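Shown next, in structure tokens, is the structure this report addresses.
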Amino acid sequence: NAGVTQTPKFRVLKTGQSMTLLCAQDMNHEYMYWYRQDPGMGLRLIHYSVGEGTTAKGEVPDGYNVSRLKKQNFLLGLESAAPSQTSVYFCASSVLSEQYFGPGTRLTVT
Amino acid sequence: AQKVTQAQTEISVVEKEDVTLDCVYETRDTTYYLFWYKQPPSGELVFLIRRNSFDEQNEISGRYSWNFQKSTSSFNFTITASQVVDSAVYFCALSEPNTGFQKLVFGTGTRLLVSP
């Protein structure tokens, strides 16, 4: 039982490049989330999903897209990376309002 | 809109001191959940507690205790006899009922430094 896993753990991008972050959970949770964590700002919700095939915008969705084609996976895409997207990205899944977090992905955009 | 305020950005204590981390929340909902998460230096987020709005009893778990007061919209966290391993960033969070209490709003966190 791996819980919530994220790949990759680290990534460096140049401005304008694209990439996809993968989140996988093996707990059969319906809800999944993508957050970003920046110094002094806590965790801010980017997008979330209430089930397979559904996604919704969170607090800071601009510049990101998501897809939930399978219940266990939630992908976060950056089409054209910007330095402002340098952050630590956390994925989470939840049941009964308790969220389980992945280990995070540290992304640097130069 | 829901909001969580953790006014203490950073707290430094010496081992064995007691320390309280403050959390104040705003919500128009009568039913909600409150949470505390711990983020140690390794970076992962660890769930500590969930409390629903109808249960105002204080909770104690070992050296950790939580004081929930609806009258002041506060959900404070106390660590008794702190230890170096308690050094971490602690986040308070509030859930929104419009998604079945699945969406969380986080505070900005309090960094706790416990020195030997």
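Structure data summary
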read-out	value
Top-ranked residue in region A:51-80 [being within 12 Å of chain B (Cβ to nearest Cβ), surrounded by fewer than 16 Cβ atoms within 10 Å (Cβ to Cβ) and of a type outside the set (Ser, Thr, Tyr); ranked as farthest from B:Thr9 (Cα to Cα)]	A:Gly51
Single unsatisfied condition, A:Ala56 versus (1) in contact (Cβ under 8 Å) with a residue 12 or more places away in the chain; (2) more than 12 Å from the chain's Cα centre (by Cα)	(1)
Matching residues, region A:81-102, being of a type outside the set (A, V, I, L, M), within 12 Å of chain B (Cβ to nearest Cβ) and within 25 Å of A:Thr15 (Cα to Cα)	A:Tyr89, A:Phe90, A:Cys91
The listed residue being under 18 Å from B:Leu94 (Cβ atoms), within 14 Å of chain B (Cβ to nearest Cβ) and not aromatic (Phe, Trp, Tyr), out of A:Arg36, A:Arg106, A:Arg44	A:Arg44
Strands (runs of 3 or more DSSP E) fully within region B:34-106 counting 1 or more residues that are more than 9 Å from chain A (Cβ to nearest Cβ)	B:46-52, B:59-61, B:64-69, B:74-79, B:88-96
Near pairs, Cβ below 6 angstrom, 6+ apart or cross-chain, from region A:72-101 (assigned to a strand (DSSP E or B) and modelled with pLDDT of 95 or more) to any residue that is loosely packed, with under 15 Cβ neighbours inside 10 Å and of a type in the set (Val, Ile, Thr)	A:Leu75/A:Thr20; A:Gly77/A:Thr20
Residue check for B:Ser61: without any contact (Cβ under 8 Å) to a residue 40 or more places away in the chain, loosely packed, with under 13 Cβ neighbours inside 10 Å and farther than 23 Å from A:Leu96 by Cα	no
Close pairs (6 angstrom Cβ cut-off, 6 or more residues apart or separate chains): in contact (Cβ under 8 Å) with a residue 12 or more places away in the chain and closer than 24 Å to B:Thr5 by Cα in region A:15-44, outside any loop (DSSP other than H, G, I, E, B) and of a type in the set (Val, Ile, Thr) anywhere	A:Trp34/A:Ile46; A:Arg36/A:Ile46; A:Gln37/A:Val88
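To keep it simple, each residue is scored yes or no on (1) charged (D, E, K, R); (2) surrounded by fewer than 13 Cβ atoms within 10 Å (Cβ to Cβ); (3) touching a strand residue (DSSP E or B) at 6+ places or on another chain (Cβ under 6 Å); (4) in contact (Cβ under 8 Å) with a residue 40 or more places away in the chain.
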site	(1), (2), (3), (4)
B:Lys3	yes, yes, yes, yes
B:Ala7	no, yes, no, no
B:Ile11	no, no, yes, yes
B:Cys23	no, no, yes, yes
B:Gly43	no, no, no, no
B:Ser65	no, no, yes, no
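The values are calculated or read from the model by the stated rules, or taken from the named source; none is laboratory data. Quantities reported herein were computed from a predicted structural model and do not represent experimental measurements. In this analysis, Cβ positions are derived from the backbone assuming ideal geometry, glycine residues included, and neighbour counts consider all displayed protein chains.
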